[in-house]
Amino acid sequence: MIVFCQAPADIPYVLSLYEKYKNEEVISIVVINVENVFKFIKSLNLNLDSLVFIPYTLKSFKNPLDIIRERKRIIKLNKKYFDAIVGTNVYFFSRFEDWLTSFFLKGLSKRNKIYYLDHYDFSSEFFEKKKLTFKLSIYKLIYFLLTGVDFKLEIIEKIPELNYGKYKIERRVPQVNNEVFQKYQYEIDILQKIEPIVLFFVMPCEPTIYDCESHDEIQLSIVESFKKNNWTVVIKGHPRLGVPDNIMNVIDVEIPSYIPAEFLQIKDVKMCVGIITTALAHFATSSDIKTYSLVNLFQFRKNTSSKLYTDYLSEASNNQVKFFQSFNDFENNIKN
């Protein structure tokens, strides 16, 4: 049994599969690109046949020689890890923005059963589908030359999209075993006795999403406002991007970025805040902690992004995540 872990949000489902099949199957986990996810799973000392980390190395499609070298690299990786796999159940979680996993799945689909466990790709419904332009046709050709995979490029924000129906892949809605959160929890003991405590999911600016001129400044202002109102500020960085440097001197506690938010166990937290992270949905639906998104306080590259992310978090949390409407609204709610 092979499980591809493509993002931090997959971890609860990966561990649910592990708990379900650990006494029946020989299990291998392949972590794609996010080294902190690999680090966390390795720290659990699971009884695995193998735990493999495969990063992306190709930074752009501008240099044809780089594309050729990457093609050779992934063929070698496929031969090393997957060519000999026959009659095995293979699981993955997302069809979007991951041509590397798609390349491996195409080869595995010929002699194995592939299951697509879709737990967050519903977010694609919030984006408009586009017709194939000349520029996108070039990208489609490059993806095909690189991987041999037939991709869709209809949703610009989430390209490429694996056309999984062509590869006899069965789509399922996965079930998470809530016991994994308790079994693999990471307990944080806040030594400061200053109350209240806020857990803030922070991240450096991602230029494809945010207006970076304002992003880090706004995030710093939020931390400073909490401190001004006598909050203990506990931050958790993005698993892939880490923590922005400009807030490190003003926060109280930093949780290691490799610890998934869903597995944090922190006593006495009064409020949980973040921008667009799916961790907010977990805290909003599984705890009594007041959970807020700061999405309306930030500026995005696209004017429609704020509403898209608001709709996404509302859907993912069954409308349990609350939203500050403005900076004034935020400050009024954190006053002590």
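The values are calculated or read from the model by the stated rules, or taken from the named source; none is laboratory data. In this text the structure is predicted, and so the values were computed from the model without any measurement. Here Cβ is always computed from backbone atoms with ideal geometry, including for glycine, and neighbour counts include all displayed protein chains. Just so you know, the surface numbers come from the protein's heavy atoms only, side chains and all, with ligands and any DNA or RNA stripped out. Shrake-Rupley method; radii C 1.70, N 1.55, O 1.52, S 1.80 Å.
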For residue 168, give me every one of the aspartates and glutamates with a C-alpha distance below 19 angstrom, ignoring sequence neighbours fewer than eight places off in its own chain.
83, 98, 118, 121, 150
To the nearest 0.05, what FRET efficiency results for residue 68 and residue 206 with a Förster distance of 35 Å applied to their C-beta separation?
0.75
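State which entries of 39/302; 106/322; 20/267; 39/290 exceed 32 angstrom in Cα-Cα distance in the structure shown.
39/302; 106/322
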Fraction of accessible area attributable to carbon and sulfur, the chain (%, probe 1.4 Å):
48 percent
Using the Karplus curve 6.51 cos²θ - 1.76 cosθ + 1.60 with θ = phi - 60°, what ³J(HN,Hα) values do you get for each residue of region 159-167, in whole Hz, with x for Gly and Pro?
7, x, 10, 5, 7, 5, x, 6, 10
Of the convex hull drawn through the C-alpha atoms of region 127-264, the volume per residue in Å³ is 183 Å³
The long-range amide H neighbours of residue 3, using H built 1.01 Å from N in the peptide plane and a cut-off of under 5 Å, are 28, 29, 30, 91
Within the under-12-Å Cβ sphere about residue 184, not counting residue 184, Lys/Arg +1 and Asp/Glu -1 give a net charge of -3
Accessible area per residue for the chain in Å², computed with a 1.4 Å probe and the full protein assembly in place, what is it?
51 Å²
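If you build the Cα gyration tensor of region 78-121 and take the root of 5 times each eigenvalue, what three semi-axes come out, in whole angstrom, biggest first?
Values for region 78-121, descending: 19, 12, 7 Å.
Given a 1.4 Å probe and heavy atoms of the protein chains only, how would you sort 179, 161, 25, largest accessible area at the top? Mind showing how you got there, number by number?
On the way: 179 135, 161 15, 25 65 Å².
Result of the area sort, largest leading: 179, 25, 161.
Could you tell me the relative contact order of the chain? Use alpha-carbon pairs under 8 Å, at least six residues apart, and round to a whole percent.
Rounded, it is 15 percent for the chain.
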Candidate span helices, the chain: DSSP H, at least 18 Å along axis from Cα coords, Kyte-Doolittle average at least 1.0, result 134-147
Report the Cα centroid-to-centroid distance between region 293-336 and region 35-83 in angstrom, as an integer.
35 Å
May I ask you to give the average projected area over all directions of the convex hull of the Cα atoms of the chain, in nm² rounded to one decimal?
17.5 nm²
Please state, to two decimals, what the Cα-based radius of gyration of region 37-161 comes to when divided by 2.2 N^0.38 Å (N = residues).
1.16
Dividing the helical contributions, -39500 (n - 2.57) per DSSP H run of n ≥ 4, by the residues of the chain yields a 222 nm value, nearest 500 deg cm²/dmol, of -10000 deg cm²/dmol
So if the hydrodynamic radius of region 211-284 is defined as the Kirkwood radius over C-alpha pairs, what does Stokes-Einstein give as its diffusion coefficient at 37 °C and 0.692 mPa s, in µm² per second?
248 µm²/s
If eta is 0.890 mPa s and T is 25 °C, what Stokes-Einstein diffusion coefficient results for region 179-336, Kirkwood Rh from Cα pairs, in µm²/s?
155 µm²/s
Can you sort 297, 280 by solvent-accessible area, 1.4 Å probe, largest first?
297, 280
Bridge orientation stat for the chain from DSSP, antiparallel percent rounded to 5, came to 10 percent
Surface accessible to a 1.4 Å probe, residue 49 within the full protein complex, Å²
110 Å²
Chymotrypsin sites (Phe, Trp or Tyr not before Pro), restricted to region 175-282: which are DSSP loop and have at most 13 other Cβ atoms within 10 Å?
none
Karplus-derived 3J(HN,Hα), 6.51/-1.76/1.60, for each residue of region 48-54, Hz, glycine and proline x
10, 5, 7, 10, 10, 10, 10
Would you mind checking which residues have amide H under 5 Å from residue 186's amide H? H placed 1.01 Å from N; only 5 or more apart, or other chain.
264, 265
